[in-house]
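Taking it in order: structure first as structure tokens, then the write-up.
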Amino acid sequence: MSKKNILILPGDEVGPEITTEVIKILDFLNESKMTDISYEFGDIGGASLDKYNKPITDDTLERARKSDAVLLASVGTPKYDNNTRELKPEYGLLVLRKYLNLFINIRPIFVFNTLLDFSSIKAELINDLDIVIIRELIGDVYFGEPRGFKDINGDRVGYNTMLYSESEVQRITKFAIDISLKRKKRITSIDKANVLECSQLWRQTVDRLMNDHTNIDLEHMYVDNAAMQIIKNPKQFDVILTPNLFGDILSDAASMLTGSIGLLPSASLSDSTGMFEPIHGSAPDIAGQGVANPIAMILSLGMMFEYTFHRQDLAKIIKKSVDDVLQSGYFTKDLSQDDFITTSEMGDKVLESIKNHVK
Ligand code: IPM
Ligand code: MG
């Protein structure tokens with residue numbers, strides 16, 4: 001693997017704590033010459049607001065663009081809850097996604113079999129679960145214009161625009177098709193076409209593209225039904241193709257199948273670059289206590305190896321190592337309230353296990 005350079009954005013609340021754990025692994029891989037990845041740090045979200053009064057600076061955007069990949073921990077802090085949109089921590093993340101053209105968000109939903117009984121769903125419904133959510137990431141009501149606040153007849157309103165162009169739907173659908181061809185050839189496309197024009201265009205566009213792929217089993221599903229089906233019978237899904245907002249909501253719901261949202265990584269991709277981050281947020285309620293689960297962040301590093309650096313071998317070792325640690329009965333507090341190890345101990349355990357695998 002040639003020399004690479006990545007930008008690490010620890011962000012807010014538990015972000016820096018889980019970042020520390022991933023760096024231990026990165027340092028080990030570099031020291032043992034399995035990788036040659038230099039890394040630098042940047043600020044995003046509240047951390048950037050603290051220093052620059054902006055949730056992301058032009059300099060950080062530029063450095064993200066120049067790096068081979070971005071590893072991001074979490075964004076958001078109640079400290080800035082009352083800020084206007086452009087001065088909220090989350091705005092920094094949205095600007096970065098848009099700037100890097102990360103229109104693809106991949107959220108794999110899988111269950112470590114050791115954790116079957118940690119889920120609020122019956123074990124037989126989730127054993128060997130393997131779903132991948134393909135979420136469109138830079139369109140929809142998140143970015144649609146016009147948006148804002150105004151007065152209508154003396155009544156203040158807030159408004160947003162749910163909007164997709166055909167080309168936006170096409171490019172994410174093409175990606176879902178590619179992924180699906182390597183899997184069970186089954187796509188569930190999510191919309192609310194019984195109510196929304198934006199969803200009708202989504203559905204028509206997906207249908208048109210899928211005409212050329214009759215070997216793929218396509219189902220359209222309304223988002224409300226999908227929310228129910230994910231809980232009722234999650235194994236019916238293979239690839240879930242979803243617009244931005246519905247994907248945000250469904251992926252949090254789906255993460256609960258797996259025992260804890262602290263376990264799941266994600267990849268956001270453009271045609272040329274990638275950003276890797278846990279699905280979970282910044283968890284202000286547990287920040288600074290050393291109890292956050294670093295596994296989602298560690299697995300995000302794994303996804304970086306898989307998608308950007310084409311190092312399937314390392315991605316596999318990382319996932320296997322996490323599995324081993326869980327199988328040995330070590331859990332962070334999100335999984336085991338009374339008998340748990342700290343964030344840093346979990347990082348050390350996973351590192352130890354990685355060392356065993358590469359020996
Ligand atoms: C996510 C998060 C973000 C989103 C927030 C932090 C802006 O919830 O990545 O799922 O809504 O996309
Ligand atoms: Mg979310």
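What percentage of the solvent-accessible surface of the chain, computed with a 1.4 Å probe over protein heavy atoms, is contributed by carbon and sulfur atoms?
Values: 7650 of 15590 Å².
So the carbon and sulfur contribution to the accessible surface is 49 percent.
In whole Hz and in residue order, list the ³J(HN,Hα) couplings for the stretch 278-286 that follow from phi through the Karplus curve 6.51 cos²θ - 1.76 cosθ + 1.60, θ = phi - 60°; x for Gly and Pro.
Result, ordered by residue: x, 6, 6, x, 8, 6, x, 5, 10 Hz.
Could you tally the net charge around residue 114, taking each other residue with its Cβ under 11 Å from the Cβ of residue 114, Lys/Arg +1 and Asp/Glu -1? Kindly include the intermediate steps, with their values, before the conclusion.
Details: positive: none; negative: 117, 323, 324.
Net of charged neighbours comes to -3.
Note down the net charge around residue 75, summing +1 for each Lys or Arg and -1 for each Asp or Glu among other residues with Cβ under 12 Å from its Cβ.
Details: positive: 88, 97; negative: 12, 13, 43, 90, 277.
Counting the neighbours of residue 75, the net charge comes to -3.
I need two numbers for the stretch 258-341: Rg to one decimal and Dmax as a whole number, Cα atoms only, in Å.
For the stretch 258-341, the Cα-based Rg and Dmax read 13.8, 45 Å.
What is the P(r) of the stretch 300-359, as percent of Cα-Cα pairs per 10 Å bin from 0?
Binned Cα distances yield the sequence 24, 45, 26, 4.
Using +1 at the C-beta of Lys and Arg and -1 at the C-beta of Asp and Glu, which of 281, 291, 327 has the Cα lying farthest in the positive direction of the dipole of the stretch 260-335?
Comparing the listed Cα positions along the dipole, 327 ranks first.
With +1 on each Lys and Arg Cβ and -1 on each Asp and Glu Cβ, how big is the dipole of the stretch 246-359 about its Cα centre, in debye rounded to the nearest 20? Mind showing how you got there, number by number?
Working: 8 positive and 15 negative charges, 89 e Å.
That gives a dipole near 420 debye.
Say the dipole of the stretch 1-55 comes from +1 at the beta carbon of Lys and Arg and -1 at that of Asp and Glu; which of 53, 20, 6 then lies farthest toward its positive end?
Of the listed residues, the answer is 6.
If R₀ is 35 angstrom, what is the calculated FRET efficiency for the pair residue 147 and residue 358, using the beta carbon separation as r and rounding to 0.05? Walk me through the numbers before you get to the answer.
Details: r = 49 Å, r/R0 = 1.40.
My answer for the efficiency is 0.10.
Search the structure for amide H atoms under 5 Å from the amide H of residue 241, placed 1.01 Å from N in the peptide plane, and list their residues when 5 or more places away or on another chain.
134, 188, 189, 190
Leaving out ligands and nucleic acids, note down the accessible area per residue over the chain with a 1.4 angstrom probe, in whole Å².
On the way: 15590 Å² over 359 residues.
Accessible area per residue: 43 Å².
Can you list which of the trypsin sites (Lys or Arg not before Pro) found in the stretch 4-46 are DSSP loop residues with at most 14 other C-beta atoms within 10 Å?
On the way: sites: 4, 24, 33; in loops: 33.
For trypsin sites (Lys or Arg not before Pro) across the stretch 4-46 that sit outside H, G, I, E and B with at most 14 neighbouring Cβ atoms in 10 Å, the list reads 33.
Mind giving me the nanometre distance, one decimal, between the label points for residue 236 and residue 270, set 7 Å out from Cα along Cα→Cβ?
If labels sit at residue 236 and residue 270, their model points lie 3.8 nm apart.
If eta is 0.692 mPa s and T is 37 °C, what Stokes-Einstein diffusion coefficient results for the stretch 210-300, Kirkwood Rh from Cα pairs, in µm²/s? Don't jump to the answer; show the numbers that get you there.
Details: Rh = 15.3 Å.
The diffusion coefficient I find is 215 µm²/s.
Lys and Arg at +1, Asp and Glu at -1: add these up for the other residues within a Cβ distance under 12 Å of residue 265 and post the number.
Values: positive: 107, 319; negative: 277, 306.
Its environment carries a net charge of 0.
So which trypsin sites (Lys or Arg not before Pro) in the stretch 82-169 end up in coil per DSSP with only 16 or fewer other C-beta atoms within 10 Å?
122, 147
Averaging over all projection directions, find the projected area of the Cα convex hull of the stretch 150-242 and quote it in nm² with one decimal place.
With the hull built on Cα positions only, its mean projection is 7.5 nm².
What dipole magnitude, in Debye to the nearest 20, does the stretch 72-185 give about its Cα centre under +1 on Lys/Arg Cβ and -1 on Asp/Glu Cβ?
Working: 17 positive and 15 negative charges, 52 e Å.
Computed about the Cα centre, the dipole is about 260 debye.
Label points 7 Å out from Cα along the Cβ direction at residue 66 and residue 229: separation in nm?
Modelled inter-label distance: 4.7 nm.
To the nearest 20 debye, what is the magnitude of the charge dipole of the chain about its Cα centre, counting +1 on the Cβ of each Lys and Arg and -1 on the Cβ of each Asp and Glu?
Values: 40 positive and 52 negative charges, 157 e Å.
For the chain, the charge dipole is close to 760 debye.
When the Karplus curve 6.51 cos²θ - 1.76 cosθ + 1.60 is applied with θ = phi - 60°, which whole-Hz ³J(HN,Hα) does each residue of the stretch 112-119 get, with x for Gly and Pro?
6, 4, 4, 9, 3, 8, 8, 7
Would you mind calculating the relative contact order of the stretch 92-161 from Cα pairs under 8 angstrom and at least 6 residues apart, reporting the percent as a whole number?
Numbers: 80 pairs, mean separation 20.9, N = 70.
RCO, the stretch 92-161: 30 percent.
To the nearest 500 deg cm²/dmol, what mean residue ellipticity at 222 nm is calculated for the chain from DSSP H runs of n ≥ 4 alone, each contributing -39,500 (n - 2.57), summed and divided by the residues? Provide the component values of the computation, followed by the final result.
On the way: 12 runs with 145 residues, N = 359.
Calculated from helices alone, the mean residue ellipticity at 222 nm is -12500 deg cm²/dmol.
Under 5 Å between amide hydrogens, which residues at least 5 positions from residue 8 or on another chain qualify, with H placed 1.01 Å from N in the peptide plane?
Amide H to amide H, under 5 Å and 5 or more residues apart or across chains, residue 8 pairs with 40, 41, 42, 71.
Step through the residues of the stretch 149-154 one at a time and calculate ³J(HN,Hα) from phi using the Karplus curve (6.51 cos²θ - 1.76 cosθ + 1.60, θ = phi - 60°), rounding each to whole Hz and writing x for Gly and Pro.
10, 7, 9, 10, 6, x
Per q in 0.11, 0.12, 0.13, 0.14 1/Å, what log10 I(q)/I(0) does a Debye calculation on the alpha-carbon atoms of the chain return?
Those come out to -0.76, -0.91, -1.07, -1.24, one per q.
Which of 309, 246, 175 ends up with the largest GNM mean-square fluctuation for the chain, with Cα atoms connected below 10 Å?
175
Output needed: percent of Cα pairs per 5 Å distance bin for the stretch 84-178, bins running from 0 to the one holding the longest distance.
2, 10, 14, 15, 12, 11, 13, 11, 6, 3, 1, 0
Are there any chymotrypsin sites (Phe, Trp or Tyr not before Pro) in the stretch 99-129 that are in a DSSP loop and have at most 15 other Cβ atoms within 10 Å? List them by number.
Here no loop site has a sparse enough neighbourhood.
The values are calculated or read from the model by the stated rules, or taken from the named source; none is laboratory data. For clarity, every value in this text was computed on a predicted model and none was experimentally measured. Heads up, the Cβs are rebuilt from the backbone with ideal geometry, glycines too, and the neighbour counts pull from every protein chain shown. Only protein heavy atoms, including side chains, enter the accessible area calculation; ligands, DNA and RNA are left aside. Shrake-Rupley method; radii C 1.70, N 1.55, O 1.52, S 1.80 Å.
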